[in-house]
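Let me begin by presenting the structure, written as structure tokens, before commenting on it.
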Amino acid sequence: QVQLVESGGGLVQPGGSLRLSCAASGIIFRIYTMGWYRQAPGKKRELVATITNSGSTNYADSVKGRFTISRDNAKNTVYLQMNSLKPEDTAVYYCNGAIATMNFWGQGTQVTVSS
């Protein structure tokens, strides 16, 4: 059974930082491209960042220079370090694991940026 479990969300003030984690089980983690997506109220789910099995990264323009995605294959975990957070970063953040035609999602973790 595949499970992706996110943690680390919460309430943070503008300019603050959060680190999201996603622990995977039931997959050969090291071969998957892992990613973070987000969905704000009334909006479509959008890509935040991805990291391939070789460590190549890709970021949405809106988060470049502020967010960093990384992975620890020994721990089957992918991270999203979020710095200089803005109110517009408020959303539910979802972890994704993808390879070929297979695509798995976590349950999401809420990130709220507000003073």
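Working carefully through the options P87, P41, P14, find the one that is at pLDDT below 95, more than 19 Å from I99 (Cβ to Cβ) and not small (G, A, S). Before the answer, list the steps.
On the way: P87 fails: at pLDDT below 95; P14 fails: at pLDDT below 95.
One residue alone meets the criteria, P41.
Residues checked against (1) over 18 Å from G106 (Cβ atoms); (2) touching a residue at least 24 places away in the same chain (Cβ under 8 Å); (3) aromatic (F, W, Y):
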position	(1), (2), (3)
V2	no, yes, no
V5	no, yes, no
G8	no, yes, no
V12	yes, yes, no
S21	no, yes, no
I28	no, no, no
T33	no, yes, no
G42	yes, no, no
R45	no, yes, no
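If you take the residues in the stretch 80-97 that are of a type in the set (S, T, Y) and open to solvent by 30 Å² or more (accessible area, probe 1.4 Å), which one is farthest from Q3 (Cα to Cα)? It would help to see each step written out before you state the result.
Narrowing the stretch 80-97 to residues of a type in the set (S, T, Y): 84, 90, 93-94.
Right, trim to open to solvent by 30 Å² or more (accessible area, probe 1.4 Å) and you get 84, 90, 94.
On the way: S84: 30, T90: 24, Y94: 12 Å.
Here the answer is S84.
When the residues of the stretch 98-113 are narrowed to those that are under 12 Å from S7 (Cβ atoms) and in a strand (DSSP E or B), which ends up most open to solvent (accessible area, probe 1.4 Å)?
Here the residue is Q110.
Determine, yes or no, whether Y94 is in contact with a Ser or Thr (Cβ under 6 Å, 6 or more places away or on another chain) and either part of a strand (DSSP E or B) or among the hydrophobic types (A, V, I, L, M, F, W, C) (or both). Break it down into steps so the answer makes sense when it comes.
Details: in contact with a Ser or Thr (Cβ under 6 Å, 6 or more places away or on another chain): no; either part of a strand (DSSP E or B) or among the hydrophobic types (A, V, I, L, M, F, W, C) (or both): yes.
When the stated conditions are applied, Y94 does not pass them.
With the condition kept exactly as written, say whether any residue in the stretch 27-36 is assigned to a loop (DSSP other than H, G, I, E, B), at pLDDT 95 or above and open to solvent by 20 Å² or more (accessible area, probe 1.4 Å).
No, the stretch 27-36 has no match at all.
So which residues in the stretch 22-63 are of a type in the set (S, T, N, Q) and touching a strand residue (DSSP E or B) at 6+ places or on another chain (Cβ under 8 Å)? Break it down stepwise before answering.
Narrowing the stretch 22-63 to residues of a type in the set (S, T, N, Q): 25, 33, 39, 50, 52-54, 56-58, 62.
Within the stretch 22-63, S25, T33, Q39, T50, T52, N53, T57, N58 meet the criteria.
The values are calculated or read from the model by the stated rules, or taken from the named source; none is laboratory data. Since the structure is predicted, the reported quantities are computational estimates derived from the model, not experimental observations. Positions of Cβ are generated from backbone atoms using ideal geometry, with glycine treated the same way; all protein chains shown enter the neighbour counts. The protein model used for the area step is the full one, side chains on, heavy atoms only, and it has no ligands, DNA or RNA in it. Shrake-Rupley method; radii C 1.70, N 1.55, O 1.52, S 1.80 Å.
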